[in-house]
Amino acid sequence: MFPRFLAVEFLKLRRSLALLLCAAAPACIAVLGALIALDRGGDWRGFALGNSAFWAFAMLPMALTALSVLLAQMEHGARAWDHLLALPGARLHLFLAKAVVMLTLLWGMTLWLFVLLHLSGLAVDAITPGTFKGTPDPVGTASVLVRMALASTLVAILQLWVALRFRSFVPPLVFGIAGTFAAIVAVSARQGVYFPWLMATNILAADPAKSALALTLGGLGGLLALGAMLVHLGRRDMVGAGS
């Protein structure tokens, strides 16, 4: 039964803005990074890491906020919970399918950003030869982006949880925006490594132990949050989810 629910959730993406968002968010990073590189130059490593840092710190959390709202409003907006949750065994399968779609889109954006960073870097180097020093390091860039995606699992699930819990789109938006801006204050704090919105950013920490901790907390914490979300929403009457 779960594969059927999952297939339906992916089909729903065709009539939402989720795929457009997933294409546009990484593209913004690549275009902005290319424009800065055209003006300032630099090296391949700095280009890849700098844009990855901007992605992890600002664009990714905001994209996950918007994605969670779009995925949840497919049911909230159409008030489809009555019909969907009346199906036998639907609760666990439906919410798990939503989470799988959310994480799939997260990984899709990660892959798209990886491709765009290299394409934009090559374009800059072609327009102004000699702009970048050194050579591209696709393996190193991929390693960083993969670890960032894993570390973002926790915040992705938390965002989806809030979006599914409330019928209105306002609470998840406020939750995501508040978390992103709170990260600005917490980024230099010693306890910042425990803040979900900073776990992807902390992958770039100079201290390997801090980077490893962020990866562990983000990945395993995301799985624990997923389990808690399924238990909570599975017991809740979604008809009154806006209360």
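The values are calculated or read from the model by the stated rules, or taken from the named source; none is laboratory data. Every value quoted in this text rests on a predicted model; they were computed, and no experiment measured them. Don't worry about glycine lacking a Cβ; one is built from the backbone with ideal geometry, like all the others, and counts go over all protein chains shown.
Quick check, is Arg165 more than 19 Å from Gly46 (Cβ to Cβ), touching a Lys or Arg at 6+ places or on another chain (Cβ under 9 Å) and surrounded by fewer than 20 Cβ atoms within 10 Å (Cβ to Cβ)? Before the answer, list the steps.
Values: more than 19 Å from Gly46 (Cβ to Cβ): yes; touching a Lys or Arg at 6+ places or on another chain (Cβ under 9 Å): yes; surrounded by fewer than 20 Cβ atoms within 10 Å (Cβ to Cβ): yes.
Taking the combined requirement at face value, the residue satisfies it.
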TODO: Would you check if Gly227 is in contact with a helix residue (DSSP H, G or I) (Cβ under 8 Å, 6 or more places away or on another chain) and not basic (Lys, Arg)?
DONE: no
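With modelled with pLDDT of 95 or more, over 21 Å from Ala182 (Cβ atoms) and either buried (at least 17 other Cβ atoms within 10 Å of the Cβ) or not acidic (Asp, Glu) (or both) as the only criterion, which of Ile29, Ile36 stands out? Let's see the steps before the verdict.
On the way: Ile36 fails: modelled with pLDDT of 95 or more.
Selected residue: Ile29, the only one of Ile29, Ile36 that is modelled with pLDDT of 95 or more, over 21 Å from Ala182 (Cβ atoms) and either buried (at least 17 other Cβ atoms within 10 Å of the Cβ) or not acidic (Asp, Glu) (or both).
In this structure, is Val8 in a helix (DSSP H, G or I) and modelled with pLDDT of 95 or more?
Details: in a helix (DSSP H, G or I): yes; modelled with pLDDT of 95 or more: no.
Considered against the rule, which asks whether it is in a helix (DSSP H, G or I) and modelled with pLDDT of 95 or more, Val8 comes out as no.
Give Thr110, Thr153 a once-over and let me know the one that is over 27 Å from His232 (Cβ atoms) and touching a helix residue (DSSP H, G or I) at 6+ places or on another chain (Cβ under 8 Å). Steps first, answer last, please.
Numbers: Thr153 fails: over 27 Å from His232 (Cβ atoms).
Unique residue meeting the criteria: Thr110.
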Task: Count - residues of segment 160-170 that are over 14 Å from Gly227 (Cα atoms) and in contact with a Leu (Cβ under 8 Å, 6 or more places away or on another chain) - done: 3
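Assess whether Ser188 counts as being without any contact (Cβ under 8 Å) to a residue 24 or more places away in the chain and polar (S, T, N, Q).
Details: without any contact (Cβ under 8 Å) to a residue 24 or more places away in the chain: yes; polar (S, T, N, Q): yes.
Yes: the conditions hold for Ser188.
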- [ ] Please identify the pairs in which a residue from segment 136-147 that is more than 13 Å from Val115 (Cα to Cα) has its Cβ atom under 6 Å from the Cβ atom of a residue that is surrounded by 17 or more Cβ atoms within 10 Å (Cβ to Cβ), counting only partners at least 6 apart or on another chain.
- [x] Val144/Ser52; Arg147/Ile203; Arg147/Leu215
- [ ] Could you grab me the full set of residues in segment 102-143 that are surrounded by fewer than 20 Cβ atoms within 10 Å (Cβ to Cβ) and of a type in the set (A, V, I, L, M)?
- [x] Leu103, Leu111, Val115, Leu119, Leu122, Ala123, Ala126, Ile127, Val139, Ala142
Task: Matching residues in segment 39-52 - criterion: being in a helix (DSSP H, G or I) and surrounded by fewer than 20 Cβ atoms within 10 Å (Cβ to Cβ) - done: Asp39, Arg40, Arg45, Gly46, Leu49, Gly50
